[in-house]
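Asker: Just passing along the structure, written as structure tokens.
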Amino acid sequence: MNGLLQAEAPPLVLASGSATRAALLRAAGLAFETAAPGVDEAAIKESARADGLDPAECALLLAELKARRISERQPGALVIGADQILVCGERWFDKPTDRAGAREQLRALAGQRHTLVTAILCLRGGVRVWQHVATPRLVMRALSDVAIDAYLDAVGEAVTRSVGAYQVEGLGIRLFSAIEGEHGAILGLPLLPLLGFLRQHGVLTD
């Protein structure tokens, strides 16, 4: 056994360069490797939307492409792929590239309800063995420009690391009046459904 009551086979691989997703798995006591898949998410998302895919379908597509790229290199592993799309009204949000983009996103989200469409799936030997889509809903408080700028000053470059320009695990929690959904799903990895699958698949034996 390795990890906390975890089978030695198959090895677990997270197909993501996200430090937040890795931290969630690590905090849950899982033994795993990480591998960044190098997928052009923006181009795939643009193409998927042009083809009429909805946010859940697009998030699953991106999660699978990430996992498939790693599964081709490690066919014996159980590979976890995940993706998240922020949807507010008809708009899909990407990570802001700079402070100005972060300010614009926060202005658009302030006083509104939005959804974090969070997809996760597992591949083994190139075959999809499990998938799940979570849809946490968050309501951001009405924010003045002064409040937005104070937040941006406080968090600095971190605003470019997540879609919506916030991290609810930090100061970003102060931007919200209501949050519905599992914490892991909000951070980009629906952890409770994943742990349930890993038990059913024999990876976890607790």
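Asker: So what's segment 27-129 giving for Cα Rg divided by 2.2 N^0.38 Å, two decimals?
Answerer: 1.22
Asker: Could you state the number of Å between the C-alpha centres of segment 75-92 and segment 21-51?
Answerer: Segment 21-51 and segment 75-92 have Cα centres spaced 7 Å from each other.
Asker: While we're looking at this one, here's another question. Counting every Cα pair in segment 12-200, what percent are over 30 Å apart?
Answerer: Cα-Cα pairs of segment 12-200 separated by over 30 Å account for 19 percent.
Asker: Follow-up. Just to confirm the filter: which GluC sites (Glu not before Pro) across segment 39-102 are DSSP coil and have at most 16 other Cβ within 10 angstrom of their Cβ?
Answerer: For GluC sites (Glu not before Pro) across segment 39-102 that sit outside H, G, I, E and B with at most 16 neighbouring Cβ atoms in 10 Å, the list reads Glu90.
Asker: Give, in nm to one decimal, the length gained when the segment between Val146 and Ala158 is fully stretched (0.36 nm per residue of separation minus the Cα-Cα distance).
Answerer: Here the segment from Val146 to Ala158 would lengthen by 2.5 nm.
Asker: Shape call for segment 106-145 from the C-alpha gyration tensor, a ≥ b ≥ c root eigenvalues: rounded (a/c under 1.5), prolate (a/b greater than b/c) or oblate?
Answerer: prolate
Asker: Say each of Ala108 and Val139 gets a label point 7 Å from the Cα, pointing the same way as Cα to Cβ; how far apart are those two points in nm?
Answerer: 2.2 nm
Asker: Can you give the extra length, in nm with one decimal, that the chain gains between His201 and Asp40 once fully stretched, where that is 0.36 nm per residue apart less the Cα-Cα distance?
Answerer: Once the chain is fully extended between His201 and Asp40, it gains 54.9 nm.
Asker: Continuing with this model, one more query. What value does segment 97-206 have for Rg/Rh, both radii from Cα atoms and Rh as Kirkwood defines it?
Answerer: Rounded to two decimals, Rg over Rh is 1.09.
Rule-based calculations on the coordinates, nothing more; no lab input. None of these values were measured; they are calculated from a predicted model. Using ideal geometry, Cβ is built from the backbone for each residue, glycine included, and neighbour counts are taken over all protein chains shown.
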